[in-house]
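The structure appears right after this line, and notes come after that.
Read-outs: derived from the displayed coordinates by stated rules, not from any lab. None of the values given here were measured: they were computed from a predicted structure. Cβ atoms come from the backbone with ideal geometry, glycine included; neighbour counts cover every protein chain shown.
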Amino acid sequence: MPTIFITGANRGIGLNLARLYAADGWKVIGTARKPAEASALAALPGNISVEPLEVTDHAAVQALAAKLKGEPIDVLWNNAGVIGRNAASLGSINAQELRDTLLINIYAPILIGEAFAPNVIASRQKKMAFTSSKLGSIAENNGGRYAYGPSKAGLNMACMSFAGDLRSKGVIVLPLHPGHVATDMGGASAPVTPDASARGMKNIVDNATMADSGRFVDYLGKPIPW
Ligand SMILES: NC(=O)c1ccc[n+]([C@@H]2O[C@H](COP(=O)([O-])OP(=O)(O)OC[C@H]3O[C@@H](n4cnc5c(N)ncnc54)[C@H](OP(=O)(O)O)[C@@H]3O)[C@@H](O)[C@H]2O)c1
């Protein structure tokens, strides 16, 4: 039975990924900041374990990595993220929100990727997926989003570093744009359902080979310019 580790698995895209992988017979390790409130995750049918994790808490990341030492993780999915709404517009950038967004969206996935790389290397499938965003595309940026855009552009850069460093170990690294998804972050009127987004990204991860490592694509496989 393959294993997937998903951060921010208690709602939105992460919860839908957890549901689909569990239904496919995978062991799912889903993290949540407040496990006591992660009832939708805990109630999913299948082999689900819920681990408490504030992704910016490096000591907690290291403690969880120590707990899971030696356990193969076929897919490590850094998914938790925030939009940084109050650090989006020039003239009203909230410094704390800028800092928090960068910590959650870049600092955390880098340190989580590093901490669990040995588990991925020890697995059969050896994949790292990252929920990035088209809004991290430098080529397509026309202004604004001072926290979110740089955070996802930085995440993409880190993905390329992981891809380069771990290629020789057979690890496939996949920065993915989930589409504009109807979650708390994306808003109820967003065009893509969480199910369709998660299904599309899972399909890409399921079929990924080393030739796909370091490619930035959306949930339907369409390439996104850096
Ligand atoms: N929705 C979209 O249209 C869209 C588009 C492009 C990219 N994305 C990306 O997709 C990913 C998932 O977003 P979503 O739409 O599913 O958003 P969401 O419904 O707002 O869910 C965000 C998830 O991240 C978790 N999280 C946030 N900060 C955290 C922290 N410091 N420590 C641990 N967990 C934390 C949340 O946990 P809590 O419940 O504890 O807050 C929640 O589980 C994000 O990386 C986002 O940037 C989304």
Go through 117, 108, 129 for me and flag whichever is among the aliphatic types (A, V, I, L, M) and closer than 23 Å to residue 225 by Cα.
-> 129
Can you work out which of the residues in the range 118-159 that are more than 17 Å from the chain's Cα centre (by Cα) and basic (Lys, Arg) is farthest from residue 8 (Cα to Cα)?
-> 124
On the given criteria, is residue 136 under 25 Å from residue 95 (Cα atoms), within 11 Å of the ligand (Cβ to nearest atom) and surrounded by fewer than 14 Cβ atoms within 10 Å (Cβ to Cβ)?
-> no
Out of all the residues in the range 110-137, which are outside any helix (DSSP H, G or I) and aromatic (Phe, Trp, Tyr)?
-> 130
Extreme residue, nearest to residue 80 (Cα to Cα), among residues of the range 162-193 that are in contact (Cβ under 8 Å) with a residue 24 or more places away in the chain and part of a helix (DSSP H, G or I) | 162
Residues that are in a helix (DSSP H, G or I) and touching a Pro at 6+ places or on another chain (Cβ under 8 Å), drawn from the range 201-226 | 201
Please go through the range 178-221 and pick out each residue that is away from the ligand (no atom under 14 Å from the Cβ) and surrounded by fewer than 14 Cβ atoms within 10 Å (Cβ to Cβ).
-> 206, 207, 209, 210, 211
Sort out for me the helices (runs of 4 or more DSSP H) sitting completely within the range 1-109 that have 2 or more residues that are within 15 Å of the ligand (Cβ to nearest atom) and buried (at least 18 other Cβ atoms within 10 Å of the Cβ).
-> 12-23, 58-67, 95-102
So which of 66, 42 is more than 21 Å from residue 10 (Cβ to Cβ) and small (Gly, Ala, Ser)?
-> 66
Do we have any residue at all in the range 80-100 that's closer than 23 Å to residue 172 by Cβ and either of a type outside the set (D, E, K, R) or within 19 Å of the chain's Cα centre (by Cα) (or both)?
-> yes
